[in-house]
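Have a look at the structure below before the remarks.
The values are calculated or read from the model by the stated rules, or taken from the named source; none is laboratory data. From a predicted model like this one, the values you see are computed outputs, not experimental measurements. Note that each Cβ is placed from the backbone with ideal geometry, even for glycine, and that neighbours are counted across all protein chains shown. The area values use the complete protein model at the heavy-atom level, side chains included, leaving out ligands, DNA and RNA. Shrake-Rupley method; radii C 1.70, N 1.55, O 1.52, S 1.80 Å.
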Amino acid sequence: MKVQILTLCISALLLSACGGGGGSSSTESTSPSPSPENPQQPTPPKPNTTLQQWHLIDLEDRPTASSWLREFELYRNVLSFSDGKFYTLEDGDSMYFTADAVYQVNDLPKAKYGYEYGSGAITDEAMTIRLRSTLGKEKLELTNYVKKIDISGNDLLPRLQPELNWQLNHLSLDELQRTISVQDLNTLQALQKLKFPQGSVCLQKQASANNQAYIVVDIEPKQEQQGFLDYAKQYGTDPNILKFTYMNSISYINKDNRNWGYTEYQNRYYWSEYNEKGIEYSVADDLEQKRQQVQQLDLSAAEKAARLARIDHIAEGCTYYNKTAADYIFTHVNY
């Protein structure tokens, strides 16, 4: 979840001590630019002089280790923008490489509002952060474009977990009832009766973007050397394998596999992901792709209509909440 805060927290965290001087920053191959329709991009926000806080909340579910039943957990993080700085309650677990800088997002300095990621600013339309570089020029900016919504009096579950709410309303079309306990089913159906109190506001994510291409690596310890060596062998013969040399790092990226790959830096090997400059993700484009997929399925007219309504339902979900809404969620959602 942490890697997503910046990319959530600003694409789903948003989104060190690196010795030595500068390094090579050549790109030996480039991936094609993404082609989503760009949303309207507001002017980058100016630094906030007063504190603004938003709560990133998600009702997550996953299979349990001991059975086929799913278990639920309420995730919460607080994003704080104050005096031109950006903070969250969680330390990072990733490293970013661009052609001219390295950003090591872990072991961050801790302050009053949490871990300081760098500079940041927020408006009703966008939140932007510029990570603090540990080597090279500090230029990388990550932005989430958002829509501010008054959700006072709105049903809680369609905003918090619209997919789950749809499943509860269409048990005959979904396997939900077979994958959760009777107790969880009763609890979730009770949540459908809750409504947000007056003063509740949320930010709905619309898109995420950046101002320059970058590679992000997961620095949690894993054995990735073999994957790196396999891609290195394929480079030059497989046109889908791209090679990047950013700031003394070497990355092999598979453009046919979500731009995922492997990176070597200072004799360590990491799983990594390449992001082209510009729009990284558009909610509208993602939902439209899902609609097209449903249209191609061989379904009855009634079921196709229900599944298209499911996609529209998903579009109503929120990403960040103000304190009034967040406190209500944590008081009444007991997971």
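Residue-level check: of (1) farther than 16 Å from TYR75 by Cβ; (2) touching a helix residue (DSSP H, G or I) at 6+ places or on another chain (Cβ under 8 Å); (3) of a type outside the set (Ser, Thr, Tyr), ASP298 misses just (2).
Residues of the stretch 156-172 that are open to solvent by 50 Å² or more (accessible area, probe 1.4 Å) and either farther than 25 Å from LYS304 by Cβ or in a helix (DSSP H, G or I) (or both): GLU163, ASN169, SER172. Among residues of the stretch 276-330 being at pLDDT below 95 and of a type in the set (S, T, N, Q), the one that is most open to solvent (accessible area, probe 1.4 Å) is GLN296.
For the stretch 165-191, filtering for residues that are polar (S, T, N, Q), in contact with a helix residue (DSSP H, G or I) (Cβ under 6 Å, 6 or more places away or on another chain) and within 16 Å of ILE314 (Cβ to Cβ) leaves 2. Pairing each residue of the stretch 311-324 that is more than 12 Å from ARG159 (Cβ to Cβ) and among the basic types (Lys, Arg) with any residue that is assigned to a strand (DSSP E or B) and open to solvent by less than 30 Å² (accessible area, probe 1.4 Å), provided the two are 6+ apart or on different chains, yields C-beta distances under 8 Å for LYS323/HIS55.
Among residues of the stretch 181-224 being part of a strand (DSSP E or B) and open to solvent by 40 Å² or more (accessible area, probe 1.4 Å), the one that is nearest to ASN259 (Cα to Cα) is GLN206. Only a single criterion out of (1) modelled with pLDDT of 95 or more; (2) assigned to a helix (DSSP H, G or I) is not satisfied by GLY261, namely (2).
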